[in-house]
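Student: Sharing a structure below in structure tokens format, with a few things to ask.
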Amino acid sequence: AQSVTQPDARVTVSEGASLQLRCKYSYSGTPYLFWYVQYPRQGLQLLLKYYSGDPVVQGVNGFEAEFIKSNSSFHLRKASVHWSDSAVYFCAVSAGSNYQLIWGSGTKLIIKP
Amino acid sequence: DPKIIQKPKYLVAVTGSEKILICEQYLGHNAMYWYRQSAKKPLEFMFSYSYQKLMDNQTASSRFQPQSSKKNHLDLQITALKPDDSATYFCASSQERLGEYEQYFGPGTRLTVL
């Protein structure tokens, strides 16, 4: 069965520090991987996606993620966080076009001043 | 301009009543979805439609019925509402085409059942 695990429910980082949010997936076929961000009382916004090719993908606002097939991971990174990055981040996997997204439980990112 | 419109933004209903959640997308997509987000569970997939036809239904209860009157509409009718139905319901859409797999989400309808 497909599943996504985000082991950290909450991550606290100082403003200006680097960030890594962890995501591991379980999927037997070719995974299509996504990171979405949800700001308070808002919908979900696509941050970045990985389909194939270069395992490091760039997203909006300086975020990037690396697909490591051997580890079934798709961790999200940012070199220097800003207070406006405070949000809940969701990792998701899909089997492809028109298929449902399977979601992780989310990681709440808290930025300390 | 918002590309995916969900109405209403907030909805309060009494147990046993019926409500319809509206979703319209103006992205020109041919696939639409419903997801539910509650405090108790992570995001759950409910339905997917492609060219106005039901493709996948992961909702155990028949009280949830999607309705697609136009190709850019996918409403969600919920009957016999229960307090456990309280959640935020998100509509999403995507373009069913090789090489495009991302889904775009509306702002959600927050439903509270008393």
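The values are calculated or read from the model by the stated rules, or taken from the named source; none is laboratory data. In this text, all values refer to a predicted model and were calculated from it rather than measured experimentally. No Cβ is skipped: glycine too gets one built from the backbone with ideal geometry, and neighbour counts run over all protein chains shown. Just the protein is used for accessible areas: all its heavy atoms, side chains included, with ligands, DNA and RNA removed. Shrake-Rupley method; radii C 1.70, N 1.55, O 1.52, S 1.80 Å.
Student: Where the second residue is open to solvent by 80 Å² or more (accessible area, probe 1.4 Å) and the first is within 7 Å of another protein chain (Cβ to nearest Cβ) and lies in the stretch B:48-59, which pairs have Cβ atoms under 9 Å and are six or more apart or on separate chains?
Tutor: B:S48/A:Y99; B:S48/B:L54; B:S48/B:M55; B:S48/B:Q58; B:M55/A:Y99; B:D56/A:Y99
Student: Given the conditions (1) farther than 24 Å from B:R97 by Cβ; (2) within 10 Å of chain B (Cβ to nearest Cβ); (3) touching an Asp or Glu at 6+ places or on another chain (Cβ under 9 Å); (4) not charged (D, E, K, R), and given that A:S105 satisfies all but one, which numbered condition is not satisfied?
Tutor: Tallying (1) farther than 24 Å from B:R97 by Cβ; (2) within 10 Å of chain B (Cβ to nearest Cβ); (3) touching an Asp or Glu at 6+ places or on another chain (Cβ under 9 Å); (4) not charged (D, E, K, R), A:S105 fails exactly one: (3).
Student: Go through the stretch A:79-102 and count every residue that is open to solvent by 20 Å² or more (accessible area, probe 1.4 Å) and under 11 Å from the mean Cα position of the chain (by Cα).
Tutor: Going through the stretch A:79-102 one residue at a time, the tally reaches 1.
Student: Is there a residue being open to solvent by less than 40 Å² (accessible area, probe 1.4 Å) and either under 20 Å from B:F45 (Cβ atoms) or under 11 Å from the mean Cα position of the chain (by Cα) (or both) anywhere in the stretch A:9-21?
Tutor: Checking the stretch A:9-21: at least one residue is open to solvent by less than 40 Å² (accessible area, probe 1.4 Å) and either under 20 Å from B:F45 (Cβ atoms) or under 11 Å from the mean Cα position of the chain (by Cα) (or both).
Student: A follow-up question, please. Taking the stretch A:22-34, which residues are in a strand (DSSP E or B) and surrounded by fewer than 15 Cβ atoms within 10 Å (Cβ to Cβ)?
Tutor: Within the stretch A:22-34, just A:S26 meets the criteria.
Student: State the number of residues belonging to the stretch A:68-78 that are surrounded by fewer than 21 Cβ atoms within 10 Å (Cβ to Cβ) and hydrophobic (A, V, I, L, M, F, W, C).
Tutor: Of the residues in that region, 1 qualify.
Student: Against the definition (at positive phi and in contact (Cβ under 8 Å) with a residue 24 or more places away in the chain), how does A:S72 come out, yes or no?
Tutor: Yes, satisfied.
Student: Related question: Only one of (1) within 22 Å of B:S94 (Cα to Cα); (2) within 14 Å of another protein chain (Cβ to nearest Cβ); (3) open to solvent by 60 Å² or more (accessible area, probe 1.4 Å) is not met by A:R41, so which one is it?
Tutor: With respect to (1) within 22 Å of B:S94 (Cα to Cα); (2) within 14 Å of another protein chain (Cβ to nearest Cβ); (3) open to solvent by 60 Å² or more (accessible area, probe 1.4 Å), A:R41 is out only on (1).
Student: Can you tell me which condition A:F34 does not meet? The list is (1) modelled with pLDDT under 95; (2) of a type outside the set (G, A, S); (3) closer than 23 Å to B:S50 by Cβ, and all the others hold.
Tutor: With respect to (1) modelled with pLDDT under 95; (2) of a type outside the set (G, A, S); (3) closer than 23 Å to B:S50 by Cβ, A:F34 is out only on (1).
Student: Of the conditions (1) surrounded by 12 or more Cβ atoms within 10 Å (Cβ to Cβ); (2) within 11 Å of another protein chain (Cβ to nearest Cβ); (3) free of Cβ contacts under 8 Å to residues at least 60 places away in the same chain; (4) over 30 Å from B:P8 (Cα atoms), A:S52 fails just one. Which one is it?
Tutor: Against the list (1) surrounded by 12 or more Cβ atoms within 10 Å (Cβ to Cβ); (2) within 11 Å of another protein chain (Cβ to nearest Cβ); (3) free of Cβ contacts under 8 Å to residues at least 60 places away in the same chain; (4) over 30 Å from B:P8 (Cα atoms), A:S52 comes up short only on (1).
Student: Report the residue count in the stretch A:31-49 for those that are in contact (Cβ under 8 Å) with a residue 40 or more places away in the chain and within 20 Å of A:T5 (Cβ to Cβ).
Tutor: Keep residues of the stretch A:31-49 that are in contact (Cβ under 8 Å) with a residue 40 or more places away in the chain, which gives A:31-40, A:44, A:47.
With the extra rule that they be within 20 Å of A:T5 (Cβ to Cβ), the set shrinks to A:31-38, A:44, A:47.
The number of residues fulfilling the criteria is 10.
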